[in-house]
1. Would you be able to say whether some residue in the range B:100-113 is without any contact (Cβ under 8 Å) to a residue 60 or more places away in the chain, of a type in the set (A, V, I, L, M, F, W, C) and not assigned by TED's automatic domain parsing to the domain that holds B:Asn167?
2. When the residues of the range C:92-118 are narrowed to those that are over 15 Å from C:Asn132 (Cα atoms) and surrounded by fewer than 20 Cβ atoms within 10 Å (Cβ to Cβ), which ends up nearest to the chain's Cα centre (by Cα)?
3. Please find, among C:Val257, C:Val296, the residue that is among the β-branched types (Val, Ile, Thr) and either buried (at least 24 other Cβ atoms within 10 Å of the Cβ) or closer than 27 Å to C:Asp104 by Cβ (or both).
4. Mind listing whichever residues of the range C:67-105 are within 14 Å of chain A (Cβ to nearest Cβ) and closer than 15 Å to C:Ile224 by Cα?
5. Can you go through A:Ile153, A:Ile141, A:Ile169, A:Ile182 and tell me which one is at pLDDT 95 or above, closer than 26 Å to C:Asn112 by Cβ and crowded, with 19+ Cβ neighbours inside 10 Å?
6. What about B:Ile28, is it aliphatic (A, V, I, L, M) and surrounded by fewer than 22 Cβ atoms within 10 Å (Cβ to Cβ)?
7. Filter the range B:152-172 for residues that are assigned to a strand (DSSP E or B) and more than 19 Å from the chain's Cα centre (by Cα); which is nearest to the other protein chains (Cβ to nearest Cβ)?
Amino acid sequence: MLKNIFFKNKGPFNIQKIFTKHKFKNNIKIYDIKTLDQASKGDLTFFDQPNYKSSAANTKASACITNEKLSSVLPQSCLPVIVPNVLYSLAQATIQFYPNSDIDYPDDSLKNPNKSKYPSVKFGKNVFVGQNVKIGKNTFIGSNTVIEHDVEIGKNCIIGSQVFLKNSILGESVVIQSGCKIGLKGFGFIPVKEKNIKFPHIGKVIIKDNVEIASSCTVDRGSIDNTIIGENTYLDNQVHVAHNVKMGKNCMIAGQVGFAGSCTLGDNVSIGGQAGVSGHLKIGNNVKIGGGSGVVKNIEDNAVVMGYPAVSFKQFIKNWREN
Amino acid sequence: MLKNIFFKNKGPFNIQKIFTKHKFKNNIKIYDIKTLDQASKGDLTFFDQPNYKSSAANTKASACITNEKLSSVLPQSCLPVIVPNVLYSLAQATIQFYPNSDIDYPDDSLKNPNKSKYPSVKFGKNVFVGQNVKIGKNTFIGSNTVIEHDVEIGKNCIIGSQVFLKNSILGESVVIQSGCKIGLKGFGFIPVKEKNIKFPHIGKVIIKDNVEIASSCTVDRGSIDNTIIGENTYLDNQVHVAHNVKMGKNCMIAGQVGFAGSCTLGDNVSIGGQAGVSGHLKIGNNVKIGGGSGVVKNIEDNAVVMGYPAVSFKQFIKNWREN
Amino acid sequence: MLKNIFFKNKGPFNIQKIFTKHKFKNNIKIYDIKTLDQASKGDLTFFDQPNYKSSAANTKASACITNEKLSSVLPQSCLPVIVPNVLYSLAQATIQFYPNSDIDYPDDSLKNPNKSKYPSVKFGKNVFVGQNVKIGKNTFIGSNTVIEHDVEIGKNCIIGSQVFLKNSILGESVVIQSGCKIGLKGFGFIPVKEKNIKFPHIGKVIIKDNVEIASSCTVDRGSIDNTIIGENTYLDNQVHVAHNVKMGKNCMIAGQVGFAGSCTLGDNVSIGGQAGVSGHLKIGNNVKIGGGSGVVKNIEDNAVVMGYPAVSFKQFIKNWREN
């Protein structure tokens, strides 16, 4: 069971204590909250969208927040917790385990880095580093950059100036240019007039080896899941990556592209400038998406699409000629 | 008459001194420059677009820069100042009252905050705060953030790192994530070859209680008017809010959305990622605008629109099927 | 021959040493690498796109990396170096001359500015300035701004807070608002699975007199060429300007517009919010591009276009009515 290194887990809690309005025959102990795929015995998970059925059928979680209709998919080993609003109950449960995960409270452990702790790291001026930050050899951190507690940065990385990093794990030879904001809480909340309920975000950002992220990008951390950028993937300036997005290897993402929450990209995907990808979509391997496109449905491997909404490139050219 | 707390008013001036080429029978004293709606007795206002007719008919201003055609709408109590280019004359008059409002000169009163002045405020490292900044209890300001003179921040706010704030008034429990730039001069100028005339921006940004603004957003202050973000409205990453925009309560604005100058949103408006709203438009209550849309006309209450240009969602789906 | 002031040139090299796999009859000395237009005697250039034919025919370079087919266009005075992948060979050659130009290594010469060196410049708090930075009289640099080595800033400029400047030359009376990142390496690389080859960027950003760049824009430096923003051109918030882009005078670029690499704009071009211009395009003088447009082909002088893909405004309205 992987421990959350960025948030202190206040658990375990008995399930009866988490859902006080429910009645459970078996008051099992819950140790953590995880996604359907990542949960293991002792974990609580959630299931609110039919397109995650196969993950639900195979989850190893001990309990699952869900609704009546979807609950039948869960395996015998997983106790269903039937609720009217899955995300609301998930938020309530998560905040019990991780109380300060619904707002990005600034890290008050920040200090100028102790050179003796980071003997082979180069720092620019006025860099602030939180507790337990790990930085690999030959990495260079630019001026006025802030790296909050427990962030891990591999060796041979170049982090530019005025960067903000929290809740992130970076591989080796990663380049992050000036002005990027990485690992912040995503755009998740339960709308309530007068005062929305802020959804806790306990995930992280994982950036693999040889990734390059150009200037002024924003990459939000996962909510329950993680946000992942695969090996050797390059992002141009001002790209927006929402929570839980997963990109494969060797992708090329041009300037000002936006990814809504929980979309996944295969390997070798290339996307032209200002394109947008809607939430929860699956983009296959080797897909090419033209600049300015708006992708609103899943895209199969090797497809070339363009347009708003995006269609096959052939169709796009045909539509254009006819107009 | 509300005083401008961010800019020092050099007035009052006699109207004859403001418009030296005009001849006035009654050389009235002008105390300030305000919008049609906000002006009271002693104020100068301006009127250059027919869609503000009802405001013009009811203005309490003592004088109004306008053109021949529109001037007939003004009430008897308001002296019309007929000019060939309303915005040019407005800029000239405004700069007389507020000489340094056409460029964002950095604040030279900035200092590290005096802990005794802000006993119940938490500050990160290397925060700079200008003269007369007010910050409420339990507010936390992140590292490397700059807050210029006279800004007011309510209690229980969380302001992230590397934020820049000027000419802004924030309510309570406001969250502003890392990298936001709020209160800067908007994109307003009178085009002149060789050297444009920069339009003075004397307005402010008003952010109401419980607003959340995600990472790397830009919110420009108003020109003569204010820019307002209503209670409990949430903005995702990289949203661009131009001068004089007014948003209602409980709006949800997804990533990379852009608002051109002076557009207004009702309450409970939700807008998908990368959509854009043109200048001076009125978006009603409970409107839903799909991701990637380009809105180029007013939208009535409760409408659901999508597309570029945005049409009703029904029509959008119909067009798509036919193509 | 103009010297590169931002990168140290390790040359000259004999051409045989640059291209070890080739055999040259005449082992000429190469002093620098330039574009077809800017190269003079002793320079190496490159030619890989037919639309640069007239520049190729008139180049003064002594040698040119190109392919078999295009090589016939070159003048007698220019030695063709025939390669399978022009950009790959160009990258290899460039990195020999300028070893550290493929990654934005933070400047380790940064210091708080010495007031005696800049007696008539105003600095905010915590400004860092690199070696040989030149700043003109009456210029004001905002707090937490970083200006790397050899940058030149003219007189009467206003540089906001939290700005990052490298490899840039600014004229007089330039205004750059808070959060802009200017002069960084552009999005250029040769895709290689496992580890892309980062394309060296040895160009600069040239910003002419009276330019205004609003908050949080990114302007990348040129690769071999320069990125240029012409006199009196204004950029609104969150504009993305890729490498080698050239804008003329008096342009108006609204918020969130994106320019792909190497596109050129004439004078007096105005572009509405969120529009995008594809790479290597030529936009004529006095062109108007509507908000949200996606420009995918060259546009002639005085044209008014809109749409995605952009068509004449007349056609755009016609298509809209028919739908």
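1. Yes, because at least one residue in the range B:100-113 is without any contact (Cβ under 8 Å) to a residue 60 or more places away in the chain, of a type in the set (A, V, I, L, M, F, W, C) and not assigned by TED's automatic domain parsing to the domain that holds B:Asn167.
2. So the residue we want is C:Ile103.
3. C:Val257
4. Initial filter on the range C:67-105 (within 14 Å of chain A (Cβ to nearest Cβ)): C:100-105.
Residues satisfying the conditions are C:Asn100, C:Ser101, C:Asp102, C:Ile103.
5. Numbers: A:Ile153 fails: closer than 26 Å to C:Asn112 by Cβ; A:Ile169 fails: closer than 26 Å to C:Asn112 by Cβ; A:Ile182 fails: closer than 26 Å to C:Asn112 by Cβ.
After ruling out the rest, the residue left standing is A:Ile141.
6. On the way: aliphatic (A, V, I, L, M): yes; surrounded by fewer than 22 Cβ atoms within 10 Å (Cβ to Cβ): yes.
Against the criterion (aliphatic (A, V, I, L, M) and surrounded by fewer than 22 Cβ atoms within 10 Å (Cβ to Cβ)), B:Ile28 qualifies.
7. Only one residue tops the list, namely B:Ile158.
Matching residues to (1) polar (S, T, N, Q); (2) free of Cβ contacts under 8 Å to residues at least 40 places away in the same chain; (3) in the same structural domain as A:Ala91 (by TED's automatic domain parsing):
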position: A:Ile202; (1), (2), (3): no, no, no
position: A:Asn210; (1), (2), (3): yes, yes, no
position: A:Gly222; (1), (2), (3): no, yes, no
position: A:Tyr234; (1), (2), (3): no, yes, no
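The values are calculated or read from the model by the stated rules, or taken from the named source; none is laboratory data. In this text, all values refer to a predicted model and were calculated from it rather than measured experimentally. Methodologically, a virtual Cβ is constructed for each residue, glycine included, from the backbone with ideal geometry; neighbour enumeration extends over all protein chains shown.
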